[in-house]
Amino acid sequence: MKVFQQNIFGGEDEIISTVPVIVLKHKEKDERYLAADIEVADFSDPDGDITMDDIQDAFIIVRNDRQKPGQPEIDEVIAHSEAYKAYMLEKFGNRASISYDVAKWLETYEPVNIDMPVDKFNEAAYANDWEPVKTY
């Protein structure tokens, strides 16, 4: 699918077919990625990891300007996760249940850049309340 995207700032219009994102690939499994949450997990996989066919259901790191994300965006997600962990431990102590632990995830998964097809990205965008790519 190619999407015509008009440049409203007076530059040239462009045709895009993918959006650059980062997903977390399992280090020991071929073509398996961390699911965004339990509701979209693939229960045929022991860890619920999804395949590229359902990549819109992955845990996705994307930049608002649709440029290729990199280490700064990964660091931002890690920092957000660490702040959440600190809050949960402060509030609940050792009873805290922390599932959003990116540092722990990175023991099993590695961040990889992929070019996500626009239609799959827009599915993810609607599910996550992001701005979808305009398809007019």
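Each value in this text was obtained by applying a stated rule to the coordinates, not by laboratory testing. Quick caveat, the model's predicted, so the values are computed rather than measured. Please note: Cβ atoms are built from the backbone with ideal geometry, for glycine as well, and neighbour counts cover all protein chains shown.
Kindly provide the set of residues from the stretch 77-105 that are surrounded by 14 or more Cβ atoms within 10 Å (Cβ to Cβ), more than 14 Å from the chain's Cα centre (by Cα) and closer than 19 Å to K27 by Cα, ordered by number. Scanning the stretch 77-105 gives a single hit, D101. Name the single residue, out of those in the stretch 55-84 being in a helix (DSSP H, G or I) and in contact with a strand residue (DSSP E or B) (Cβ under 8 Å, 6 or more places away or on another chain), that is nearest to Y109 (Cα to Cα). Per the criteria, the residue is I74. Scanning the stretch 23-54 for residues that are in a helix (DSSP H, G or I) and of a type in the set (A, V, I, L, M, F, W, C) returns I38, V40, M52.
Here's the yes/no breakdown for (1) of a type in the set (S, T, N, Q); (2) without any contact (Cβ under 8 Å) to a residue 12 or more places away in the chain; (3) buried (at least 20 other Cβ atoms within 10 Å of the Cβ); (4) out of contact with any Leu (no Cβ under 7 Å at 6 or more places or on another chain):
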position: S17; (1), (2), (3), (4): yes, no, no, yes
position: L24; (1), (2), (3), (4): no, no, yes, no
position: K29; (1), (2), (3), (4): no, no, no, yes
position: Y33; (1), (2), (3), (4): no, no, yes, no
position: A36; (1), (2), (3), (4): no, no, no, yes
position: D53; (1), (2), (3), (4): no, yes, no, yes
position: I61; (1), (2), (3), (4): no, no, no, yes
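For the stretch 24-49, name all the residues that are under 19 Å from D75 (Cα atoms) and either out of contact with any Asp or Glu (no Cβ under 8 Å at 6 or more places or on another chain) or of a type in the set (G, A, S) (or both). Matches in the stretch 24-49: A36 only.
Among the residues of the stretch 99-135, those identified as among the hydroxyl-bearing types (S, T, Y), within 19 Å of D37 (Cα to Cα) and either in contact (Cβ under 8 Å) with a residue 40 or more places away in the chain or out of contact with any Pro (no Cβ under 9 Å at 6 or more places or on another chain) (or both) are S99, Y100, T108, Y109.
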